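Asker: Below: one structure in structure tokens.
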Amino acid sequence: MNQIVIICVDDEPMILDSLRIELEGNLGDDYLIELAQSGEEALEIFIELREDNYEIPIVIADYIMPDMKGDELLKRIHSISPQTLKIMLTGQADVAGVGNAINYANLYRYIPKPWESEDLKLTIKEALNSYFIKQEIDKKTADLDRINQELLQVNLDLKKALEAELKLTAAATKFVPHQFLSLMGYQNITDVKLGDSVEHKMSVLFADIRNFTTILETMTPEESFKFINGYLSVMEPAIIENQGFIDKYIGDAIMALFASKADDAVQAAISMLRRLEEYNKTRQRPERKPLKIGIGINTGDVILGTVGGAQRIDGTVIGDTVNLASRLEELTKLYDVSLLMSNSTFISLENPGKYSIRLIDRVKVKGKAEMVTVFEVFDADPPESLEGKTITKHIYEEAIIFYYQRKFTQASQLFQDCLSQNPSDGVARIYLERCQKYES
């Protein structure tokens, strides 16, 4: 990674020294702090650093300065480097100045003087986090675009080869998805060889029916298969229509893969839950309880390959990414939610703000050394639950912050507030019980 620089601009040397001391104290030696006492000097430094391949995630500028005001400086920096985050730091900015910076420089944040040290610290850390997440997303998007172009070429070549074997392929793809063959680099199912493997970045989706064994207890074998096939036929289109494919059925469980975007997996999961709600309406009988499913999604590198022996070969997908997706599905039972995703899926989303998402927990998962951050997507919750979680989201998030700061009394009160407005929130109830345990 290139050397990272934060530029501070103010016509008062004491202010610059204060900024430098605070930033160096908070950020350590990982970042260089460059100081400028005017807009012109700041522009010169900015351009020289970029020419020398320094990375400049943040510029902090005063508003009132001789020759060039802060909003004009930030506007000119934005025209050179739109991705650099701009922060205005002043006690004298008028509405027009702030408005200009917002409209023409995409101002990230406005901090009044004198600033609160903690506010400055949090703002800078949030800005850096936002900047580097955006950089990572842009890189992954470019990688995905490249993979899509490669897949497009593979599919065009595959189509030519398959024309002579259309009938065979149509039957074969019901057992081996054509997307799997493409990702493996095969042009035809007859090209499959035992032991072949390839690594890809993908999103893996696991879905499982709750209390499946209990449901089957009252069914004959014929009824059991009819029930499973009826359910799977409702779920399959949600995956196919969102550019995914089903790798395998494991009893009532579905394992699906998405090679393009993490959004495809999340949208497929939301569609599955909504289709299930409609499907349950067709099954309304006194002896039939509504079906519930749990879904886990994880994004990362997986290995696609073939396993078996001389007489029987099967395609499979392995790796930590697959294992964690399965673990997340299991965690939906613990937290009594329908859809969980990992942090790697969350940061791969093109626009997380378009979904209803909240942080659930940081958990130790079997098979993983590090803690895993888990998020809930509740877009497909029943209306009452969706409304309750949406209304209490800001309270819930504040409570989570207190919880991880080990301020259990404050967190406990806020979780109680969540439950008073949304009594069915099982996650808030779990956290409340934890807080009460830690308080005692």
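Asker: Which numbered condition in (1) outside any helix (DSSP H, G or I); (2) buried (at least 17 other Cβ atoms within 10 Å of the Cβ); (3) at pLDDT below 95; (4) out of contact with any Lys or Arg (no Cβ under 6 Å at 6 or more places or on another chain) is the only one that K368 fails?
Answerer: So the condition that K368 fails would be (2).
Asker: Before we move on, is I111 at pLDDT 85 or above, surrounded by fewer than 15 Cβ atoms within 10 Å (Cβ to Cβ) and not charged (D, E, K, R)?
Answerer: No, not satisfied.
Asker: So, in the range 3-30, how many residues would count as being at pLDDT below 90 and surrounded by 11 or more Cβ atoms within 10 Å (Cβ to Cβ)?
Answerer: Here the count works out to 0.
Asker: Might you let me know whether the range 374-381 holds any residue that is of a type in the set (G, A, S) and within 22 Å of K292 (Cβ to Cβ)?
Answerer: Yes, because at least one residue in the range 374-381 is of a type in the set (G, A, S) and within 22 Å of K292 (Cβ to Cβ).
Asker: Something else now. Can you name the residue in the range 352-406 that is more than 18 Å from A428 (Cα to Cα) and in contact (Cβ under 8 Å) with a residue 40 or more places away in the chain and is also farthest from the chain's Cα centre (by Cα) among such residues?
Answerer: Restricting to residues being more than 18 Å from A428 (Cα to Cα) and in contact (Cβ under 8 Å) with a residue 40 or more places away in the chain, the top hit is G367.
Asker: Turning to a different aspect of this structure: Looking at I80, is it closer than 16 Å to A36 by Cβ, surrounded by fewer than 17 Cβ atoms within 10 Å (Cβ to Cβ) and of a type in the set (V, I, T)?
Answerer: yes
Each row is one residue, and each column tells you yes or no for (1) at pLDDT 95 or above; (2) farther than 22 Å from L339 by Cβ; (3) part of a helix (DSSP H, G or I); (4) outside the structural domain of T299 (by TED's automatic domain parsing).
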{"residue": "T390", "(1), (2), (3), (4)": "yes, no, yes, yes"}
{"residue": "H394", "(1), (2), (3), (4)": "yes, no, yes, yes"}
{"residue": "E398", "(1), (2), (3), (4)": "yes, yes, yes, yes"}
{"residue": "D417", "(1), (2), (3), (4)": "yes, yes, yes, yes"}
{"residue": "S424", "(1), (2), (3), (4)": "no, no, no, yes"}
{"residue": "A428", "(1), (2), (3), (4)": "yes, no, yes, yes"}
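Asker: For the range 247-296, which positions are of a type in the set (F, W, Y), buried (at least 20 other Cβ atoms within 10 Å of the Cβ) and modelled with pLDDT under 90?
Answerer: none
Asker: Looking at the range 66-86 only, could you name the residues that are in contact with a strand residue (DSSP E or B) (Cβ under 7 Å, 6 or more places away or on another chain) and among the aliphatic types (A, V, I, L, M)?
Answerer: Those that are in contact with a strand residue (DSSP E or B) (Cβ under 7 Å, 6 or more places away or on another chain) and among the aliphatic types (A, V, I, L, M): L73, L74, I77, L85.
Asker: Still on this structure, I have one more. Wholly within the range 1-92, which helices (runs of 4 or more DSSP H) include no fewer than the required count, namely at least 3 residues that are under 18 Å from D119 (Cβ atoms) and of a type outside the set (D, E, K, R)?
Answerer: Correct list: 13-27.
Asker: Could you list all residues from the range 121-162 that are within 25 Å of G25 (Cβ to Cβ), hydrophobic (A, V, I, L, M, F, W, C) and surrounded by 14 or more Cβ atoms within 10 Å (Cβ to Cβ)?
Answerer: Once the filter is applied, which keeps residues that are within 25 Å of G25 (Cβ to Cβ), hydrophobic (A, V, I, L, M, F, W, C) and surrounded by 14 or more Cβ atoms within 10 Å (Cβ to Cβ), the range 121-162 yields I124, A127, L128, F132.
Asker: Only one of these is in a strand (DSSP E or B), among the hydroxyl-bearing types (S, T, Y) and at pLDDT 95 or above: T332, T299. Name it.
Answerer: Among T332, T299, only T299 is in a strand (DSSP E or B), among the hydroxyl-bearing types (S, T, Y) and at pLDDT 95 or above.
Asker: If only one of I60, I64, I47 is assigned by TED's automatic domain parsing to the domain that holds D10, aliphatic (A, V, I, L, M) and buried (at least 18 other Cβ atoms within 10 Å of the Cβ), which one is it?
Answerer: I60
Asker: Follow-up question, since we're still on this one. Report whether or not V322 is outside the structural domain of H394 (by TED's automatic domain parsing), touching a Phe, Trp or Tyr at 6+ places or on another chain (Cβ under 8 Å), crowded, with 20+ Cβ neighbours inside 10 Å and at pLDDT 90 or above. Spell out the reasoning first.
Answerer: On the way: outside the structural domain of H394 (by TED's automatic domain parsing): yes; touching a Phe, Trp or Tyr at 6+ places or on another chain (Cβ under 8 Å): no; crowded, with 20+ Cβ neighbours inside 10 Å: yes; at pLDDT 90 or above: yes.
In short, no.
Asker: List the number of the failed condition for Q413; all other conditions in (1) farther than 21 Å from L273 by Cβ; (2) at pLDDT below 95; (3) not assigned by TED's automatic domain parsing to the domain that holds D320 hold.
Answerer: Q413 satisfies every listed condition except (2).
Asker: Further question on the same structure: Of a type in the set (K, R) and outside any helix (DSSP H, G or I): which single residue out of K281, K248 fits that description?
Answerer: Sole residue among the options that is of a type in the set (K, R) and outside any helix (DSSP H, G or I): K248.
The values are calculated or read from the model by the stated rules, or taken from the named source; none is laboratory data. Since the structure is predicted, the reported quantities are computational estimates derived from the model, not experimental observations. Glycine also receives a Cβ, built like all others from the backbone with ideal geometry; neighbour counts cover every protein chain displayed.
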